[in-house]
Amino acid sequence: MTMAAEPEAADRKSLGERLAIHVASRAERLQSGYLNDHPAAVAELAMLRRGASQQPGEDVRLVGLTMAGLYPNPNGLDNRPLDAERAAYAALTLFAIHQQSHRDARMHRKGYSFGRSARLLGRRSGARDAVRARFTALATATTWDETMNHARGLIQQLRAHGIPLDYGQFGRDLLDLRGTSGADGVRLAWGRHFYREHNPEDDGDDADASTTEH
């Protein structure tokens, strides 16, 4: 599946920044509600988890939860999901999977790039080679469906080991990774973080693992 083109007037960099803010804001609101056991947030996250196996637009309620407001004026937009809409939908439905059952830990956390979180997963799971293989497959996927398949598998593993992810940045990465430009920059950033020999912050992550795993 190819991604629909953005309006020609849209600036890709400003669009990425707007997308990151949009996704982070939605994830933070849902996360706060879920951790405080607000029924509406619990129900919305359940709806988003079901949407992870659907296409954007199949359930109109998910349009409101994931992409509404991303474009201030939707008049004249293509009738297929645009790049940023698809990235927002993917990031927020994957966040819903990631946060499930973590009632006292925030799975959306600023500063946890995808490369960093994948590196922590390799350390904590003891399956670095398997994690590296899926990480590489995601970074080099050639279709959106393939990208999402590998991303969903890694997110489920991050959830199992209580490792957070910065979903605002992840949404922006997905936009650039599947776009016509910026993909090499995303892969470079992910690779730098994944193959970093040692990050002192990782020691704190491992020490806190018992408070985030269930």
Residues of region 97-109 that turn out to be polar (S, T, N, Q), in a loop (DSSP other than H, G, I, E, B) and under 21 Å from ALA24 (Cβ atoms), as a count: 1
Which listed residue, of LEU94, LEU120, is of a type outside the set (Asp, Glu), touching a residue at least 24 places away in the same chain (Cβ under 8 Å), crowded, with 17+ Cβ neighbours inside 10 Å and more than 23 Å from GLU146 (Cβ to Cβ): LEU120
Taking LEU158, is it under 23 Å from THR143 (Cα atoms), hydrophobic (A, V, I, L, M, F, W, C) and at pLDDT 95 or above? yes
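Select from region 177-193 the residues that are in a helix (DSSP H, G or I) and in contact (Cβ under 8 Å) with a residue 12 or more places away in the chain and list them in ascending order.
Kept after step one, since they are in a helix (DSSP H, G or I), are these residues of region 177-193: 177, 183-193.
The answer is LEU177, VAL186, ARG187, ALA189, TRP190, GLY191, ARG192, HIS193.
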Being of a type in the set (Phe, Trp, Tyr) and either outside any loop (DSSP other than H, G, I, E, B) or more than 19 Å from LEU15 (Cα to Cα) (or both) narrows it down to one of TYR112, TYR71, so name that one. TYR112
Quick check on GLY153: is it buried (at least 22 other Cβ atoms within 10 Å of the Cβ), farther than 22 Å from ASP104 by Cβ and under 15 Å from the mean Cα position of the chain (by Cα)? no
With respect to LEU94, is the statement that it is more than 28 Å from LYS13 (Cα to Cα), part of a helix (DSSP H, G or I) and either more than 12 Å from the chain's Cα centre (by Cα) or hydrophobic (A, V, I, L, M, F, W, C) (or both) true? no
For region 32-76, what are the residues that are closer than 23 Å to MET107 by Cα, over 20 Å from the mean Cα position of the chain (by Cα) and of a type in the set (Gly, Ala, Ser)? ALA40
Scan region 29-52 and tell me whether some residue there is free of Cβ contacts under 8 Å to residues at least 60 places away in the same chain, exposed (fewer than 14 other Cβ atoms within 10 Å of the Cβ), hydrophobic (A, V, I, L, M, F, W, C) and closer than 15 Å to ALA88 by Cα. no
Inside region 72-85, the number of residues satisfying the requirement of being touching a strand residue (DSSP E or B) at 6+ places or on another chain (Cβ under 8 Å) and of a type outside the set (Asp, Glu) is 3
So in region 194-213, with the set limited to residues that are part of a loop (DSSP other than H, G, I, E, B) and surrounded by 12 or more Cβ atoms within 10 Å (Cβ to Cβ), which one is modelled with the highest pLDDT? ARG196
Residue in region 77-84 that is under 18 Å from the mean Cα position of the chain (by Cα), closer than 28 Å to SER181 by Cβ, at pLDDT below 95 and assigned to a helix (DSSP H, G or I) present: yes
From the options ALA91, ALA40, ALA84, residue that is within 22 Å of ILE163 (Cβ to Cβ) and not charged (D, E, K, R): ALA91
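Part of a helix (DSSP H, G or I) and among the small types (Gly, Ala, Ser): does that describe ALA141?
No; evaluated as a whole, the condition is false for this residue.
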What's the number of the condition GLY115 fails, among (1) in contact with a Gly (Cβ under 7 Å, 6 or more places away or on another chain); (2) closer than 22 Å to MET47 by Cα? (2)
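The values are calculated or read from the model by the stated rules, or taken from the named source; none is laboratory data. All figures in this text were calculated on a predicted structure; none of them were measured in a lab. Using ideal geometry, Cβ is built from the backbone for each residue, glycine included, and neighbour counts are taken over all protein chains shown.
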